[in-house]
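Comments concern the structure below.
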Amino acid sequence: MSRHVRNMAAVLAVATGLATSACGTGGGGGGGTTLSLLSWNGEQVMTPVIEAFEEAHPDIDVEASYSPPVAEYIQSLQTRVLSGTAPDVFLIAAENKTNLIEGGHVLDLAGEEFLANVPEFNQRTYGADGAVHGLSLSSWGGGILYNEDLLADVGAEAPPETWEEFLDLCATLQDAGITPYLEPVDAMPGVLAAFLGAYDAANGNTMDDEIFAGTSTFEEHWTPLLEQYYRLYDEGLVTRDTVGITADQVQSEFANGRVAMITAGPWTVPPLRDSAPDLNFRMAPVPGVAGGEPYLSGAASPGYAINPDSENIEAARTFLSFLASPEGIAVLQEAEGSITVTSDFDPPLDEALDPIVDDVRAGNLYLPQISWQRAEDVLNIEAVAQIQRMVQGEISPREVAQALDRKLAAS
């Protein structure tokens, strides 16, 4: 059992109520097997998927429960694991993969037929030592979503390619009375993750190996990029009050034309089309910093995992096989609006995503929590907390990186 799982025992009683939040069931196949599922996709997304599965497999009912990403879902799943009530099928994510794999809480799926059309990038993300522990059917790329009409109002004909150009555009928009940019900082900032990804790719993808081997540090690698990211706040281009802004509030501001640029992922597009059908917008990679190339934050999407202690492993395999089939993935993709990656299905995607699709499907993405080799859960919590302090002007970028080095040393 990992250190984090042991520590979670202390909050088990408090967290128990979270495990069953937003519970529901599928459409009711009426069969003799009931398959339990915990998802961080909401009921609106999963209901059509479950109904399609139960129609195709009337001998299996799916009993679904939901817990929103990221922290609440991770805590809910850990609660169930600790109490011996883990569902048959659940999501393995960046923030909990090490604990689940090292704790033996996820079945090895290597060799399953439903992995045949899944790219190596997605299999490797949720695998270890040749094992595959999650069926990841899509990848996501986080970039900048631009209101093209507001950019045109200040003479910008295209999204900026470099960070200096981006900061200049922010200043120009601000001078014109337009809020230039907003992002929530209740999770790892997408801009920072993209900076780190571009830097890592340009330097042979050795950054995390060096940090976790002890031959280098967060302070050495992260500080210059944190300093560039911090310019948004240090130069007054973004309000420090962004610490209290949620992703839904940011999206609402964008939908109503009150901000020109936001960080976003593919999941942002469908609700924007619904709430603001006349909005003219497009996504692009995060501009390159310090001579680097534009890049995307992102990763293989969380994978569907099977509880090795489940009494319904064959039904769980059947469910994953359905999800990976062209029929199943078509329903899932329509509900999620995701960039699916299986080779036997070509996802219909919104044209606003055109500038990022090729890189997403090729796996040209970076997310620290995925690349960290241990303690990714506690490091992620520490990173977000320290970045929030930095945004508020309480500590320096270098102090953020130093805090991560201390947390890693103590893990």
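The values are calculated or read from the model by the stated rules, or taken from the named source; none is laboratory data. In this text the structure is predicted, and so the values were computed from the model without any measurement. Don't worry about glycine lacking a Cβ; one is built from the backbone with ideal geometry, like all the others, and counts go over all protein chains shown. SASA here: full protein model, heavy atoms, side chains in, ligands and nucleic acids out. Shrake-Rupley method; radii C 1.70, N 1.55, O 1.52, S 1.80 Å.
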Open item on the list: For the stretch 247-348, give me every one of the helices (runs of 4 or more DSSP H) that falls completely inside it and has 3 or more residues that are open to solvent by 30 Å² or more (accessible area, probe 1.4 Å) and closer than 30 Å to Asp175 by Cβ.
Closed with: 247-255
Open item on the list: Name the single residue that is farthest from Gly257 (Cα to Cα) among those in the stretch 169-183 being open to solvent by 20 Å² or more (accessible area, probe 1.4 Å) and touching a Leu at 6+ places or on another chain (Cβ under 7 Å).
Closed with: Ala171
Open item on the list: Just the residues that are open to solvent by less than 10 Å² (accessible area, probe 1.4 Å), assigned to a helix (DSSP H, G or I) and within 15 Å of Tyr304 (Cα to Cα), please, taken from the stretch 74-98.
Closed with: Leu77
TODO: Would you mind finding the one in Ala9, Ala71, Ala22, Ala86 that is touching a helix residue (DSSP H, G or I) at 6+ places or on another chain (Cβ under 7 Å), farther than 24 Å from Gln333 by Cβ, of a type outside the set (S, T, N, Q) and at pLDDT below 90?
DONE: Ala9
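For every residue, the table says whether it meets (1) under 30 Å from Lys97 (Cβ atoms); (2) free of Cβ contacts under 8 Å to residues at least 12 places away in the same chain; (3) touching a strand residue (DSSP E or B) at 6+ places or on another chain (Cβ under 9 Å).
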site	(1), (2), (3)
Ala128	yes, no, no
Leu145	yes, no, yes
Ala152	no, yes, no
Glu164	no, yes, no
Open item on the list: So for the stretch 345-359 (the condition being outside the structural domain of Leu77 (by the TED database) and touching a Ser or Thr at 6+ places or on another chain (Cβ under 6 Å)), does at least one residue qualify?
Closed with: yes
Open item on the list: Being of a type in the set (S, T, N, Q), assigned by the TED database to the domain that holds Met188 and in contact with an Asp or Glu (Cβ under 6 Å, 6 or more places away or on another chain): is that true of Asn280 here?
Closed with: yes
Task: Filter result for Arg361 (over 22 Å from the mean Cα position of the chain (by Cα) and not in a loop (DSSP other than H, G, I, E, B)) - done: no
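When residues of the stretch 60-73 are filtered for being open to solvent by 20 Å² or more (accessible area, probe 1.4 Å) and assigned to a helix (DSSP H, G or I), how many remain? Steps first, answer last, please.
Going residue by residue through the stretch 60-73, those that are open to solvent by 20 Å² or more (accessible area, probe 1.4 Å) are 61, 63, 68-72.
Right, trim to assigned to a helix (DSSP H, G or I) and you get 71-72.
Of the residues in that region, 2 qualify.
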TODO: For the stretch 233-241, indicate whether the set of residues that are at pLDDT below 95, part of a helix (DSSP H, G or I) and at negative phi is non-empty.
DONE: yes
